[in-house]
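The values are calculated or read from the model by the stated rules, or taken from the named source; none is laboratory data. All figures in this text were calculated on a predicted structure; none of them were measured in a lab. Neighbour counts run over all protein chains shown; Cβ positions are idealised from the backbone, glycine included. Accessible surface areas use protein heavy atoms only, side chains included; no ligands, DNA or RNA. Shrake-Rupley method; radii C 1.70, N 1.55, O 1.52, S 1.80 Å.
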Amino acid sequence: MPPTRTTRPRAAVVLSHSLKHELFGPADWADLADVTEVVAECEDSTALSVHPRRHEAEVLVTSWGMPRLTEQVLSDLPALRVVAYAAGSVRGLVSEAVWARDIVVVSAAEANNEPVAEYVYAQTVLALKDVHRRAHRIRTARELPTLDGIPGIYGQRVGLISFGSIARKVAARLRHLEAHVMAWDPHISPDALGRLSVEPVDELEDLFARSLVLSVHAPLIPGQTEKLITGELLRLLPHGATVINTARGAVMDEEALIDVLRERPDLYAVLDVTTREPLAPDSPLYALPNVMLTGHVAGTVSGERRAMGRLVIEELRRVADGALPLHAVSADSSLLRA
């Protein structure tokens, strides 16, 4: 039997009105109140900074829109020992002050990443069935193209750039397509990739040259991954290849991408993210026929976000019962993973 809960950790909840209801339904909110004592409920950090019970909060439940937890912000939360972040990457949230105080940071990235993996899987299927190009040709030429040259969905080569949580989920789904999955990630050992039936690729050039669909999952780390994907790499893609980016726009050299897509109408780009958001009104990406722009729909939307709320509740239930959370983030992993 689980240990008897004698006290509930006191919690401050900092969520906008809309996010609160997207993350927690009535039953979820009741569960959160069961595992914690909510002593402060605020729509933003400014309201929290003047809340009379902020000093009692041992747990901070928050999500997108929370400013960075600097030493100054943390000074208003002297009892804080757990941050439960109902969103994905904590890179923009945590600071060195968080780690210096040994505050446990829990991320709902695993739940947030599920819809992204589904999106990549769906776009991969569409790419291998040539749906993106065919839809454009049917609409513009008003005729039905032949089925010649369509690769089909089974047994094709799919490359993944970086192998964090989303890429792992994508690789698992691609097994249904009997795909030959390859990955480049300098932080993952070849043996670890091999155990997941993923071929490790040492050089990005090799990955680009062999991938009929290439999906980008690298985090944006200034000075390391900014413009990681160059025009030279994109030109190595095989005829008819598709590149999918659900990571960060700045990981790609966007100007080079535009040049390559103009040179290579056989290539196709599915971009859920761009360097500037929204794009400038005169961006060529709007007009290029071999580009699909989807505007951040890959991440969790609407009711999908309830899964993040449930993950946070279950993690806080473990904390309340004296157990370690399953989705704690370390200082190192917060920098390396999306």
All conditions in (1) open to solvent by less than 60 Å² (accessible area, probe 1.4 Å); (2) under 23 Å from V329 (Cα atoms) are true of G159 except (2)
Just need a number here: residues in the stretch 114-147 that are aliphatic (A, V, I, L, M), part of a helix (DSSP H, G or I) and either open to solvent by 30 Å² or more (accessible area, probe 1.4 Å) or over 28 Å from L311 (Cα atoms) (or both).
9
Could you tell me which numbered condition S211 fails, if it satisfies all but one of (1) under 25 Å from V90 (Cα atoms); (2) in contact with a Gly (Cβ under 7 Å, 6 or more places away or on another chain)?
(1)
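So, in the stretch 278-304, exactly how many residues are within 22 Å of A122 (Cβ to Cβ) and touching a residue at least 24 places away in the same chain (Cβ under 8 Å)?
16
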Return the residues of the stretch 50-87 that are more than 22 Å from A109 (Cα to Cα) and in contact with a helix residue (DSSP H, G or I) (Cβ under 8 Å, 6 or more places away or on another chain); say none if nothing qualifies.
R54, E71, V73, L74, D76, L77, P78, A79
What's the number of the only condition in (1) under 19 Å from G88 (Cα atoms); (2) hydrophobic (A, V, I, L, M, F, W, C); (3) buried (at least 18 other Cβ atoms within 10 Å of the Cβ) that I221 fails to meet?
(3)
What helices (runs of 4 or more DSSP H), lying completely within the stretch 163-217, carry at least 3 residues that are open to solvent by less than 10 Å² (accessible area, probe 1.4 Å), without any contact (Cβ under 8 Å) to a residue 12 or more places away in the chain and under 24 Å from D272 (Cα atoms)?
none
Which condition number does L236 fail, the rest of (1) over 20 Å from Y119 (Cα atoms); (2) open to solvent by less than 50 Å² (accessible area, probe 1.4 Å); (3) not charged (D, E, K, R) being met?
(2)
